[in-house]
Amino acid sequence: MNWGIKKLHFLIIIFFFYLLQGCKENQKNYADTIYLNGTMLTMNDVLREVEAVAVGEGKIIALGAASDVLKYQDNNTVIKDLKGRTLLPGFIDAHSHITMAMKTINWADLNAPPVGNVTSINSLLEAIKSNRDNQNVQPGEWLLGWGYDPDQLEERRHPNRKELSLAFPDNPVFLLHVSAHMGVVNNAALELANISVETPDPSGGLILREQNSKVPNGLLQEKAMYLVLPLLPEPGPSELVQLFEKTQHYYASYGITTAQDGLTDFKTYGFLQEMAKQEQLKIDVESLASFIDAESFFNTYEFGISSNGLRLAGVKVVSDGSPQGKTAFFREPYLTEVPGCVHDCRGFPTIQNKDLQDLMSHCYKNDIQLYVHANGDASIELLLDIHDEVTEELEVEKSGQRTVVIHSQFAGKDQLARYREYEFIPSFFSNHAFFWGEVHLTNLGRERASFLSPLKTATDMGIVATNHTDFTITPINQMFLLWTAVNRLTRSGTVLGADERISAWEGLKAITINSAIQHRTESLKGSLEIGKIADFVILDKNPLTEPAINIKDIQVVETIKEDQVIYRRDLH
């Protein structure tokens, strides 16, 4: 290139530089709100804290030193005095089930302490009776409950069809296990579902039988539940709207500005769409299309596009079960008796390899993000191997898809190395250390149990990792989730996997910026940066300076969506 052309290019660059500067000066640079007088954590490793944040039209327009940010103040600017509290980006839920929470909110709560009050089969039956009376359930109508945990009951077993039938002879009963991977029913429900001694186990599921018999005992594991689930009543349209409003408020009360619906069926997505169309979403919802309805979603909807806060983020597939329910698929056997199994009891996959391969291939070809539930290391191994096969077949890079491995609870170090190579994102579940730490020690042994949800190892390896509650499986409380990641204490107060404890900073990243990266929305949210949406949570204390053991007691004071308060805690 000769000097004349170079000079012309230089002058053009200078011209457009000053033109852009002029445009910026003509823009309205005044803030609608300026946040001051508190700790503001950006969740950016380069600049972790700032003194002030300015917001205009629902987005961050300035942040940094208070003296600089106050230059954006005019007569109409609202000064938000944090009074020493801590402001962060709004929490981004990496994995939960907001519509399942909505639909089960009026079911009988069968959770054990500290979530609920059920401690025995008898107290479980009493809770169902109380809910029946409160909900005015009539004879012949379904009695429904959620959250029972046999490992926390005095009897250390599941309830069975006989005692449920004796207690409730006039109603079909369905009780959802705390893992949501199995349920128990009574005789009336078995009859309605046409489940008998002649009913074969469905692929990816088990109908548990009475000892030395083919008679179903009422326990239905994994896909066997789907023989009953379609029969359960659902709330009507107007009731759903009320329940959804209540559920959104509940999420917001824990600082969540983006929720996930971790397994959305086709009909329910239609409801979410209607709520979005009517501008009824107070928080954003990342919806994962159920793999069972994948074909319908593929033929009907576009993925990755946000509309009024609703986004069809990807497809969710379930590849194994629950570790505490002993249906998660492991390379080595469980150490304790497994219901329905007598030899080499390692759990089982819940999807055929070919089906997972076909689904993955379609998603990768169409740039649809894939979310795979995989708890046990055998299930994770299958996923990694199928990823190898699919990417080779499609002749594409093994990295870049941002495939999310939901739970990843017992991923081995060798598998984490492949995560890093493939840029897989593990969404861990540190609450398991508290709720089922002792159960895992008994069922799996100390070595495997101590490496559950290995957040520290993954972080040190440079893997982007998130953390989640899987609500309704465990409480949606994000400060409790942070507490379990930092402390890894069991119910009895034992530290489970001390080497996998992470800092409060890394724990906060797992529920903010890393979750945004997981959802492919990091350009919009997850950290305090100019141009990002003004989604904030205000806490009464700073998780970085509060003693680690007290983090669970930190309270959400306000939750703010695009600079609008959607939740305010009553401090009086």
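The values are calculated or read from the model by the stated rules, or taken from the named source; none is laboratory data. Keep in mind the model is a prediction, meaning the values are calculated, not measured. A quick note on method: Cβ atoms are made from the backbone with ideal geometry, for glycine too, and the neighbour counts reach across all protein chains shown.
Numbers for the structure displayed
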quantity: Pairs with Cβ under 8 Å, 6+ apart, first in region 447-458 and assigned by TED's automatic domain parsing to the domain that holds N375, second of a type in the set (S, T, Y); calculated: F451/T457; S453/S408; S453/S430; L455/S430; A458/Y419
quantity: Single match in T336, T300 (criterion: in contact (Cβ under 8 Å) with a residue 60 or more places away in the chain and polar (S, T, N, Q)); calculated: T336
quantity: Residues of region 389-416 satisfying the condition of being surrounded by 13 or more Cβ atoms within 10 Å (Cβ to Cβ) and outside any loop (DSSP other than H, G, I, E, B); calculated: E389, V390, T391, V404, V405, I406, H407, Q415, L416
quantity: Qualifying residue in region 144-155 (condition: in contact (Cβ under 8 Å) with a residue 24 or more places away in the chain, of a type in the set (F, W, Y) and either part of a helix (DSSP H, G or I) or in contact with a His (Cβ under 9 Å, 6 or more places away or on another chain) (or both)); calculated: yes
quantity: Where E155 falls short, out of the listed (1) touching a Leu at 6+ places or on another chain (Cβ under 9 Å); (2) over 19 Å from L231 (Cβ atoms); (3) surrounded by fewer than 16 Cβ atoms within 10 Å (Cβ to Cβ); calculated: (1)
quantity: Every residue from region 342-367 that is of a type outside the set (K, R) and not in a loop (DSSP other than H, G, I, E, B); calculated: N353, D355, L356, Q357, D358, L359, M360, S361, H362, C363, Y364
quantity: Of the criteria (1) in a loop (DSSP other than H, G, I, E, B); (2) closer than 27 Å to L489 by Cβ, which one L508 fails; calculated: (1)
quantity: Filter pass, S179 being among the small types (G, A, S), exposed (fewer than 14 other Cβ atoms within 10 Å of the Cβ) and either over 23 Å from W436 (Cβ atoms) or under 23 Å from the mean Cα position of the chain (by Cα) (or both); calculated: no
quantity: Selection status of I305, over 19 Å from the mean Cα position of the chain (by Cα) and of a type in the set (V, I, T); calculated: yes
quantity: Those residues of region 255-286 which are under 25 Å from V565 (Cβ atoms), assigned to a helix (DSSP H, G or I) and without any contact (Cβ under 8 Å) to a residue 40 or more places away in the chain, in sequence order; calculated: M275, A276, K277
quantity: Given (1) β-branched (V, I, T); (2) in contact (Cβ under 8 Å) with a residue 60 or more places away in the chain; (3) within 20 Å of G309 (Cβ to Cβ), index of the condition V565 fails; calculated: (2)
quantity: Failed item, numbered, when E198 is tested on (1) without any contact (Cβ under 8 Å) to a residue 24 or more places away in the chain; (2) acidic (D, E); (3) in a helix (DSSP H, G or I); calculated: (3)
quantity: Complete set of residues in region 156-168 that are of a type outside the set (K, R), outside any helix (DSSP H, G or I) and in contact with a helix residue (DSSP H, G or I) (Cβ under 8 Å, 6 or more places away or on another chain); calculated: H158, P159, F168
quantity: Among residues of region 245-273, those that are surrounded by fewer than 24 Cβ atoms within 10 Å (Cβ to Cβ), within 21 Å of K316 (Cβ to Cβ) and charged (D, E, K, R), counted; calculated: 2
quantity: Output for region 214-230, where each listed residue is assigned to a helix (DSSP H, G or I) and either of a type in the set (S, T, Y) or in contact (Cβ under 8 Å) with a residue 60 or more places away in the chain (or both); calculated: K223, Y226
quantity: The lone exception for G205 - which of (1) closer than 29 Å to Y269 by Cα; (2) surrounded by fewer than 19 Cβ atoms within 10 Å (Cβ to Cβ); (3) not polar (S, T, N, Q) it fails; calculated: (2)
